[in-house]
1. Using a 1.4 Å probe over the heavy atoms of the protein chains, calculate the carbon and sulfur portion of the accessible area of the chain as a whole percent.
2. Give, rounded to the nearest 20 debye, the magnitude of the charge dipole that the chain has about its Cα centre when Lys and Arg contribute +1 at Cβ and Asp and Glu contribute -1 at Cβ.
3. For the chain, modelled as a GNM with alpha-carbon contacts under 10 angstrom, which of GLU147, GLU28, GLU49 fluctuates the most?
4. Per DSSP helix of 4 or more residues, -39500 (n - 2.57); summed, then divided by the residues of the chain. What does that give at 222 nm, rounded to the nearest 500?
5. Could you work out the mean projected area of the convex hull around the alpha carbons of region 212-334, in square nanometres to one decimal?
6. So for region 138-240, what percent of the C-alpha to C-alpha distances run longer than 18 Å?
7. How many angstrom lie between the Cα centre of region 110-186 and the Cα centre of region 8-31?
8. Just the accessible area per residue of region 262-374, please: how many Å² with a 1.4 Å probe?
Amino acid sequence: VHAGIEPDSAAGAILPPIYQSTTFVPEEVGRDKGFDYTRAANPTRQILEEHLAALDGGRHGVLFGSGMAAVDAIFRRLVPGDHVVSSKDVYGGVFRYFERILAKGGIDIDYVDSASPQAVRKALRPNTRILWIETPSNPLLTLTDVEAMAAIAREAGIILAVDSTFATPMYLRPLEMGADIVMHSTTKYLSGHNHVVGGVLITSCDDLAKQLRFIQKVVGAVPSPIDCWLTLLGTRTLHLRMSRHSENAQAVAEFLQGHPKVERVLWPGLPSHPQYALACKGMSGFSGMLSFELAGGIESGRILMNGLSLVRLAESLGAVESMITHPATMTHVDVPSAERRARGLSDGLVRLSVGIEDARDIIRDLEGALARIP
Ligand SMILES: *Cc1c(COP(=O)(O)O)cnc(C)c1O
């Protein structure tokens, strides 16, 4: 609620004001208050950067206009001939960025099962510069042991960056576990209301922060002051929302697990999750994202999607409303089904972002739609 936020120095406003100004006037030549032009720095943005850094236990926060712009800033440090090792199961937009943008710049990317530290160690080369992991991953909720990855990265002298969007600072503390950079799409849980797109990088390394801030200023993929302010309104209730997301996800996961039309449920807080022990060791809660597999493949998915009313068909996640996607007919409809399966996305796989409604309403909606599946 309070981290990094003090009553405003000009008027004492308890809620930081929106400095909707591109330009700041110095008192005299060479004497300003640290702001000249909003691409470089803005007071509202700076308050949110300090607030988010504090939430993750980091020293520096650097904000961007989207999660993808934040990802891009990390990899702009690389030069042709460099090598990246990435988790195999990463957010689709990150995969597209690696394949269509980064690879074109002469950078090699290898995808490994980051649940296996041996596989990660084996993939490292002398020219590897960055180890990129996403945990829990989208959409399969695979976990990666951040401490094991940090040990590998430290030994190899490379940077460990963690996409922690699903876990949020509430449930996973990558910097405290030895990561160099933590990335969040603030579009998701941090803002939390489907009202703003944004991204942030948090680090405690002064040198890295300086480089990232330079990229932020030079490239200019910055969020607007009002978007920063809207995000701040979201983050101040993060803890309340996350405990409700998590509680609801548990109730929904347990309901789905006992349902005859459901073959498998993936949620890190279920003892049946293949990495339940790692989840209990590394996370202090399990968040609101879960996936499940329907018996009956594509057709069952279609019937379920069309039978829901409270739970919305939507590709985003991490907001107050429950949202559901069926990759085989929605996000990945253009990917041939053999390739989808090779990536672990079976035809009956469904991803659910459990919202903060009354859990009984979410379950009733799912129950009704599941009953339509023959
Ligand atoms: C949404 C998301 C991103 C990309 O963030 P945008 O704000 O949409 O650019 C990256 N990683 C994960 C895990 C996400 O969910």
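The values are calculated or read from the model by the stated rules, or taken from the named source; none is laboratory data. Treat the numbers as computed from the prediction; the structure is a model and nothing was measured. All Cβ positions, glycine included, derive from the backbone under ideal geometry; neighbour counts span all protein chains shown. Quick note on the areas: whole protein, heavy atoms, side chains included, nothing else; ligands and nucleic acids left out. Shrake-Rupley method; radii C 1.70, N 1.55, O 1.52, S 1.80 Å.
1. Working: 8630 of 16080 Å².
Roughly 54 percent, rounded to a whole number.
2. Numbers: 36 positive and 41 negative charges, 103 e Å.
Here the chain has a charge dipole of around 500 debye.
3. It is GLU28.
4. So the calculated ellipticity at 222 nm is -10500 deg cm²/dmol.
5. Values: hull surface 43.5 nm².
If you wrap the Cα atoms of region 212-334 in a convex hull and average its projections, you get 10.9 nm².
6. On the way: 2873 of 5253 pairs.
So the portion of pairs separated by more than 18 Å is 55 percent.
7. 38
8. Details: 4740 Å² over 113 residues.
With all protein chains present, region 262-374 gives 42 Å² per residue.
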